[in-house]
Amino acid sequence: MYFRLRIVLASVLVSWVWLPDVVATAAQRDRVAARRVVVLSDLHMGDGRDASGHWLASEDFRWTDELELFLATLQSDSDVSTDLVLNGDVFDLVQSGDGACSYEDEALGCSEDEVLARLERVLAAHAREIEAFGIFARAVENRVVLVPGDHDAGLLLTNVGRRAVEAFQAPGRVELAGEGFWRSSDGLIHVEHGHQMEMRAEQFEGWPRPVVSRRGLQHLARPWGEQVVQPLFDDLESRFPVVDNLADVSAGVRYALSMRGNTEGIDEPQLLLRYLLFRPSWQQFRMDLDRGDVEPPVWRLEEIRTEGPRFLVDSLPDDDRYKGLATEALQAGRLDGLMAALTDEALLMLCDRRAAIRRARRRFERILSQLDPTGPPVRECPRTLETRGPRYEYFWRSRDRLFQQRLELVQGTNPAIDVFVHGHTHLADYRQGNFTRVEVGRAYVVDGFSPVRNAASPVVINGGAWQRTVTPVQLERFLQGNEDNEQEALQQLQPEQLPACYSFVEIEPYDERPGPPALRYWRQQEDGSWGLAGRCGREVME
């Protein structure tokens, strides 16, 4: 049984006509044979090195040799052609070590000329990577697709997108997904970066045309999350080099601010707390005990609203690195007004999150790789009397709604989507022990999850980041070994010390319908060699 949604949303499905020479069109995407699909996200190629040859603090992509070997292996590993989808934030055109943009107001981003100048610096700094992608694109019948993300939304500006495509020197083989997403020619596979999900802090209005015209110039818009958080990353990354390498990415802000010990320079702490509470990577997971007929509880939202902003601070577990600073902001009256600004849907999401954390920690369920299951539980939201008891322990309703709504929006009148791939959170989906798909009379575990309960389709999967990342649980283990001076340990920790492991999603060639997507890793083995793997070791190197 396949999930079919038929809501007509023509505005989402119209191609962007002002990029006619680089946008991937239906004609370009016609399949001549079964093709493999490989999705990489969040490379974050930036300005590279300084004049002395040292990496800039803002540079996240330092893995040229690994990428070249990966692409060569990917090509030699299969005799079929590949659609290689670079799923957003390939280029970091937001965080820059040079050439800051001048903002008239906080909602106004870089002009087209400023974005183009940033792109030129990135292309120069990462010429080998661009060349490697170009070589891959020119092999057999391969194609490379650039899907814009929140950090390279500037690709949707005419001259910027054209220049990026030209840089690969593979005419007709490299395309820009000008609609803001990529869809396979049969419509069954949908790939988008993920920042346009409802309630995400980096969501652009007007996507896929995220521009503001001012005095005859086109500027990128700036989502509220970028306005609040990007200045923090710019400031903190020079002191804490791995602040941008945590999965989930918002955890880096928590650690760095707690080490710094103050909220200096944060004009709107209520927005920062909102950002930290609603980064929805926790919703990528489902607990093994959610099988069967369990139902979601009904939370008493009116009673919850009477708690005011204290409810929001209490939604952080006691071992959350940011809770102390959030409590200080609460006591200073700096969180007033945030509760009233949240919708009932947002409060429901928080209550689901609190209940999931509470149950996981009471039962020592390792459901979230960014959450230590042995830590202190949080208090559950008040339920209605009728929904108390073990029957009402399905806490992923808000997650399911989030992705069902997104599927409705992007699917429209197209064929039902079987596989939905996204990134953005830097956190790859954990293999679901409770989601099995039956084919040829056997059941097996599938990477990702379905937002339709007890259904095999659609499958939603987050491919994580093609980066060296570390989860908060792994980072805590490292810091516990340096507990005499955690701050110094975090300041000295470099991205090169993080696990040599890069995640991506692969979908094998198919004739009629795609099989389950596979979460895979390009991983360094114990003998120093590199190879494809189904798991990633995440120990931080001393």
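Where a number appears in this text, it was derived from the coordinates with a stated rule and is not lab data. Predicted model, so just to flag it, every value in this text is computed and none were measured. Glycine also receives a Cβ, built like all others from the backbone with ideal geometry; neighbour counts cover every protein chain displayed.
Ranked by the mean number of other Cβ atoms within 10 Å of their residues, highest first, the peptides 182-195, 70-83, 408-421 come out as 182-195, 408-421, 70-83.
Summing Lys and Arg as +1 and Asp and Glu as -1 over all other residues whose Cβ lies under 10 Å from the Cβ of residue 82 gives a net charge of -1.
Among 345, 179, 205, sorting on how many other beta-carbon atoms sit within 10 Å of each Cβ, with the fewest leading, yields 205, 345, 179. Using the Cβ-Cβ distance between residue 343 and residue 374 with R0 set to 30 Å, the FRET efficiency from 1/(1 + (r/R0)^6) comes to roughly 0.35. Using C-alpha pairs under 8 Å with a sequence gap of at least 6, the mean separation divided by the residue count of the range 183-232 gives a relative contact order of 25 percent. Packing around the peptides 386-393, 147-154, taken as the average count of other Cβ atoms within 10 Å per residue, puts them in this order, highest first: 147-154, 386-393.
Put a plus charge on the Cβ of each Lys and Arg, a minus charge on the Cβ of each Asp and Glu, and nothing anywhere else: the dipole of the range 287-395 about its Cα centre is then about 300 debye.
Placing R0 at 30 angstrom, the Cβ-Cβ distance between residue 166 and residue 213 gives a FRET efficiency of 0.75 after rounding to 0.05. The 3J(HN,Hα) values that the Karplus relation (6.51, -1.76, 1.60; θ = phi - 60°) gives for the range 414-429 are, in residue order, 6, x, 4, 6, 8, 10, 10, 10, 9, x, 6, 7, 6, 10, 6, 5 Hz. Gly and Pro appear as x. Which is farthest toward the positive dipole end of the range 287-395 among 327, 338, 308, measuring Cα position about the Cα centre, with Cβ charges +1 (Lys, Arg) and -1 (Asp, Glu)? The residue sitting farthest along the positive end of the dipole is 327. Taking a sphere under 11 Å around the Cβ of residue 153 and counting the other residues whose Cβ falls inside, with K and R at +1 and D and E at -1, yields a net charge of -3.
Were the residues from residue 138 through residue 120 laid out at 0.36 nm apart, the gain over their Cα-Cα distance would be 4.2 nm. Sorted ascending by nearby beta carbons within 10 Å, beginning with the fewest, 306, 469 become 306, 469.
Here the simple spin-label model places points 7 Å from the Cα toward Cβ, and for residue 198 and residue 416 these points are separated by 2.1 nm.
Full extension of the segment from residue 294 to residue 404, taken as 0.36 nm per residue of separation minus the current Cα-Cα distance, would add 37.7 nm.
How high is the relative contact order of the range 287-395, in percent, counting Cα pairs under 8 Å that sit 6 or more residues apart? The value is 46 percent. Length gained on full extension, residue 383 to residue 453: 23.0 nm, using 0.36 nm per residue less the C-alpha separation.
Ranked by the mean number of other Cβ atoms within 10 Å of their residues, highest first, the peptides 113-126, 522-535, 244-257, 474-487 fall in the order 244-257, 113-126, 474-487, 522-535. Using a cutoff of 8 angstrom between alpha carbon atoms and counting only pairs six or more residues apart, the relative contact order for the range 448-503 works out to 38 percent. Per residue, the convex hull spanned by the Cα atoms of the range 287-395 measures out at 101 cubic angstrom.
The 3J(HN,Hα) values that the Karplus relation (6.51, -1.76, 1.60; θ = phi - 60°) gives for the range 153-167 are, in residue order, 4, x, 4, 7, 7, 3, 6, 5, x, 4, 5, 4, 5, 4, 4 Hz. Gly and Pro appear as x.
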